[in-house]
Structure formats: C-alpha cells, structure tokens
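Have a look at the structure below, then the notes.
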Amino acid sequence: METAKILANRLDIKKSKLIATEHLEATGYADQLINEIKEKYSDVENIALVGHEPYLSSLVSVLISGKTDSSVTLKKGSVCLLSMDALEYGKCASLNWLLSPSQLVQIGENS
C-alpha cells in the first residue's frame, strides 16, 4: 500500500481511489483477482495494480502469454503497461512497455 500511495501522489490520484484486495497479495490467486476486477470495476477504463514479486511477474505472464512461467520478470520498483480489449484469465493482453527502476530514475531526472 505504501508504493500505491507514492504512485497516487505522483499521478495526482486521490487516496480514496486506492483499494486493497487480498487477491493482489503474494498468496492471492490471479484468476480471483481478475474476477474481482471484472465484477467490481468493469466500468473503469484504466487500473494500476501495485504488488510484489513473484506474483506480479506471474500475473503479467498469464495476461500476455497464457502461461505463468513466461520470461517476464519485474524487478522491485518496475512498471509495465498492458493493453487489452477484455480482461480474461489467460492470454488477453499486449505488453506495451516495461521500465526498470533505473530507467524510471532517468526519466524522473530528465523531466
């Protein structure tokens, strides 16, 4: 939640928009997270998920390849952008970009 608060502050998102869910915890299940998003937030156009490894890498892998063991690895502090027409458990997304923490620092220094 600390990282989500930092992100919200940087992007001028109201803290009241932050939502914690057990399905995003390291012991959560991606299929249940996806079902929760579809049930509760289907009208939301953009969602930022903040979590921990290896859960997030596995989630990204499922969404872009349909497999949990793809070679996508998010380092601590990494950010990626996925796009999709419809959220499903399985291959439904394209990876638009993936930035490492050092790349984010460089962007911050140049802005």
Exercise. Of all residues in the stretch 76-89, which are in a loop (DSSP other than H, G, I, E, B) and under 15 Å from the mean Cα position of the chain (by Cα)?
Worked result: K76, G77, S78, L87, E88, Y89
For this session: For the stretch 38-59, state whether one or more residues are touching a residue at least 12 places away in the same chain (Cβ under 8 Å), more than 23 Å from L104 (Cβ to Cβ) and within 14 Å of the chain's Cα centre (by Cα).
Result: no
For this session: Give the stretch 69-89 a look and list any residue that's exposed (fewer than 13 other Cβ atoms within 10 Å of the Cβ) and more than 20 Å from L7 (Cβ to Cβ), or say none.
Result: D69, S71, M84, D85, A86
For this session: Please tell me if L63 is surrounded by 13 or more Cβ atoms within 10 Å (Cβ to Cβ) and either under 21 Å from E2 (Cα atoms) or modelled with pLDDT under 90 (or both).
Result: no
Exercise. Quick check, is S102 exposed (fewer than 14 other Cβ atoms within 10 Å of the Cβ), assigned to a strand (DSSP E or B) and either touching a residue at least 12 places away in the same chain (Cβ under 8 Å) or over 13 Å from the mean Cα position of the chain (by Cα) (or both)?
Worked result: no
Problem set entry | Selected residue (criterion: surrounded by the fewest Cβ atoms within 10 Å (Cβ to Cβ)) from residues of the stretch 20-56 that are among the polar types (S, T, N, Q) and over 18 Å from S83 (Cβ atoms) | T27
Seminar exercise, completed: Note: among L7, L18, L87, just one is touching a residue at least 40 places away in the same chain (Cβ under 8 Å), more than 21 Å from L99 (Cα to Cα) and either in contact with an Asp or Glu (Cβ under 7 Å, 6 or more places away or on another chain) or of a type outside the set (V, I, T) (or both), namely L87
Exercise. If only one of E39, E45, E109 is at negative phi and part of a loop (DSSP other than H, G, I, E, B), which one is it?
Worked result: E45
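The values are calculated or read from the model by the stated rules, or taken from the named source; none is laboratory data. Just so it is clear, the structure is predicted and the values come from calculations on it, not from any experiment. Because the Cβ atoms are built from the backbone with ideal geometry, glycine has one as well, and the counts that use them run over all protein chains shown.
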